[in-house]
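Have a look at the structure below, then the notes.
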Amino acid sequence: MKIQLSDHFTYKRLLRFTLPSIIMMIFTSVYGVVDGFFVSNFTGKTAFSAVNLIYPFLMILATVGFIFGTGGTAIVAKTFGEGEKEKANSYFSLFVYVSAFLGIVLAVFGIVFIRPIAILLGATKGALLESCVLYGRIILLALPFNVLQMLFQSFFVAAEKPQVGMWVTVASGITNILLDAVLVILLPQPLKLVGAATATALSQVVGGGVPLIYFFSKNKSILRLGKTRLDFRAILRACVNGSSEFMGNISMNIVGMLYNIQLIKYAGEDGIAAYGVMMYVNFVFAATAVGYSIGTAPIIGYHDGAKNYNELKSVLKKSLIILGVLGVSMVALAELLAAPLAKIFVGYDDGLLRLTVSGFRIFALSFVFVSYAIFSSSFFTALNDGVISAIISFLRALVFQVAAVLLLPLWFGINGIWFSLIVAEFMAVVLSTIFFIIKRKKYHY
């Protein structure tokens with residue numbers, strides 16, 4: 001039975017509707033994880049450290065897709081809720097075209113400046129620097145498709161076709177896994193890193209190119225790419241709405257760079273490698289919360305536009321309960337799997353393995369707070385309140401984490417770096433709770 005945005009959502013219906021988005025985000029997070037596994041085990045920890053060092057910069061450039069994906073979806077869903085279908089499709093087309101253009105511009109920028117940026121991030125010379133540049137340039141060739149992939153992850157849900165989005169992302173993830181297995185294992189040692197980067201780039205072409213063809217063709221969704229007009233006001237609204245997700249992703253990757261700098265100081269290349277493993281697991285767990293938030297955002301935007309406040313309140317209450325259970329479950333699972341997961345990536349180095357496991361057992365405690373913080377920002381984005389959403393994301397992902405990662409190591413050494421995410425996420429939950437209370441009368445939830 002087809003689920004529509006206008007439906008009443010029980011727990012079962014809410015989970016059914018958001019499950020494809022959750023699976024979609026998990027498979028998206030597989031890119032870095034799969035590359036990390038093959039690079040670490042088949043090319044060594046220097047190349048593994050290089051991938052982790054340059055990856056945050058590559059993700060920063062791709063976040064333009066999140067701006068127009070999350071911010072644009074809120075506008076399109078609300079416009080549908082107001083009954084203006086043609087206008088909603090015009091907005092959709094505009095956001096896709098603008099995102100593709102910006103993806104091309106950013107790809108050129110990244111390819112030209114990748115070397116000085118890698119040096120700035122700490123890869124000052126030798127194999128580490130050359131590996132950063134090589135891996136980064138290959139990934140950047142596919143950046144426009146990566147941008148579109150991030151954008152379509154949100155719009156498949158708004159199109160009432162989350163299952164199609166899920167299968168596209170699954171196909172993209174499988175492409176990455178298979179090509180990694182073939183190219184990294186079979187190519188000679190000097191080309192293994194090239195193989196890993198090529199596998200990821202081609203999988204992003206699948207993830208961004210297939211949806212482009214789907215929405216340009218006749219399809220059974222409520223969205224279709226077609227004619228539009230250059231509407232700077234709509235572009236600005238989308239940017240404001242999506243600024244929280246943009247700032248959240250930008251801040252997360254900036255903080256990732258700062259973590260690497262601190263870890264070089266306290267533990268050298270082993271610290272970067274250990275943090276890389278933790279972040280791969282964090283990508284997968286956080287992807288669950290991001291996927292749920294993407295899945296519920298069009299529902300929230302639709303019922304806000306339709307002024308169906310009882311349903312809006314119901315979705316919020318159910319979401320908070322679901323995310324609470326999810327957070328506790330993620331912590332328990334992470335603690336149980338800390339050693340086995342670390343062995344998958346760095347089992348070949350006993351010292352690095354011990355460092356990774358001890359740090360991960362501390363780091364994983366933050367998962368109980370992550371889901372709430374991610375959903376809170378997404379909730380206000382869906383209500384077209386980009387300012388509040390941006391404040392939550394900016395303080396959560398940048399201010400709280402930067403302060404924690406700079407100050408806590410002064411007292412606790414390297415363990416302070418692992419504790420910093422727990423402190424930052426807890427503060428984000430406190431801040432989000434305050435905004436939920438302040439804004440409840442305005443949005444009638």
Next item on the list: For the pairs Lys85/Lys313; Lys12/Lys313; Lys78/Lys161, note any where the Cα-Cα span goes beyond 20 Å.
Entry: Lys85/Lys313
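Would you mind getting me the FRET efficiency between Lys85 and Ala332? Use the beta-carbon distance for r and R0 = 45 Å, nearest 0.05.
For R0 = 45 Å, the calculated efficiency reads 0.50.
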Check: Across 10 Å bins from the origin, how do the percents of Cα pairs in the chain run, short distances first?
Finding: 5, 22, 33, 26, 12, 2, 0
Next item on the list: Could you calculate the contour length gain from Leu406 to Tyr266, that is, 0.36 nm times the residue separation minus the distance between their Cα atoms, to one decimal place in nm?
Entry: 49.2 nm
Margin query: Using a Gaussian network model on the chain with a 10 Å cutoff between Cα atoms, which of Pro188, Pro409, Pro144 fluctuates the most?
Written below: Pro188
Notebook entry, point to check: To one decimal place, what Kirkwood hydrodynamic radius in Å is obtained for the stretch 1-63 from all pairs of distinct Cα atoms?
Noted result: 14.5
Check: Order of 126-135, 70-79, 430-439 by packing, highest average Cβ count within 10 Å first?
Finding: 70-79, 126-135, 430-439
Check: Does anyone have the angle between helix 401-412 and the longest principal axis of the chain? Alpha-carbon axes, 0 to 90°, nearest 10?
Finding: 40
Notebook entry, point to check: Can you pull the accessible area of Lys192 for me, 1.4 Å probe, Å² to the nearest 10?
Noted result: 20
Item checked: Accessible solvent surface per residue of the stretch 259-378, calculated while the other protein chains remain in place, 1.4 angstrom probe, Å² -> 35
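What number comes out for accessible area per residue over the stretch 1-102 if the probe is 1.4 Å? Units Å², please.
Averaged over the residues of the stretch 1-102, the accessible area is 34 Å².
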Check: Packing-wise, with mean Cβ within 10 Å as the measure, how do 346-358, 415-427 rank, highest first?
Finding: 415-427, 346-358
Margin query: Could you give the length gained by full extension between Lys12 and Phe113, i.e. 0.36 nm per residue of separation minus their alpha carbon distance, to one decimal place?
Written below: 31.5 nm
Check: Within the accessible area of the stretch 310-427, what % is carbon and sulfur when the probe is 1.4 Å and the other protein chains stay in place?
Finding: 74
Item checked: Surface accessible to a 1.4 Å probe, per residue, for the residues of the stretch 142-181, Å² -> 25
Notebook entry, point to check: Per the helix-only calculation at 222 nm, which mean residue ellipticity applies to the chain, given -39500 (n - 2.57) for every DSSP H run of n ≥ 4 and division by its residues, nearest 500 deg cm²/dmol?
Noted result: -29500 deg cm²/dmol
Next item on the list: Consider just the alpha-carbon atoms of the stretch 29-140 and return their Rg together with their Dmax, both in angstrom.
Entry: 18.4, 59
Notebook entry, point to check: Considering only protein heavy atoms and a 1.4 Å probe, what is the carbon-and-sulfur percentage of the accessible area of the stretch 102-237?
Noted result: 75
Notebook entry, point to check: What is the helix-to-structure angle for 162-186, meaning the angle in degrees between its Cα long axis and the longest Cα principal axis of the chain, kept from 0 to 90 and rounded to the nearest 10?
Noted result: 20
Next item on the list: For the stretch 1-98, with all protein chains present and a 1.4 Å probe, just round the carbon and sulfur fraction of the accessible area to a whole percent.
Entry: 62
Next item on the list: Would you please put 150-163, 212-225 in order of how densely packed they are, using the mean number of other Cβ atoms within 10 angstrom per residue and starting with the highest?
Entry: 150-163, 212-225
Checklist line | Angle in degrees between helix 11-43 and the longest Cα principal axis of the chain, rounded to the nearest 10 | finding: 20
Notebook entry, point to check: If you build a Gaussian network model of the chain, linking Cα atoms that sit under 10 Å apart, which residue out of Leu120, Leu15, Leu193 swings the most?
Noted result: Leu120
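The values are calculated or read from the model by the stated rules, or taken from the named source; none is laboratory data. Treat the numbers as computed from the prediction; the structure is a model and nothing was measured. Don't worry about glycine lacking a Cβ; one is built from the backbone with ideal geometry, like all the others, and counts go over all protein chains shown. All accessible areas refer to the heavy atoms of the entire protein, side chains included, with ligands and DNA or RNA removed. Shrake-Rupley method; radii C 1.70, N 1.55, O 1.52, S 1.80 Å.
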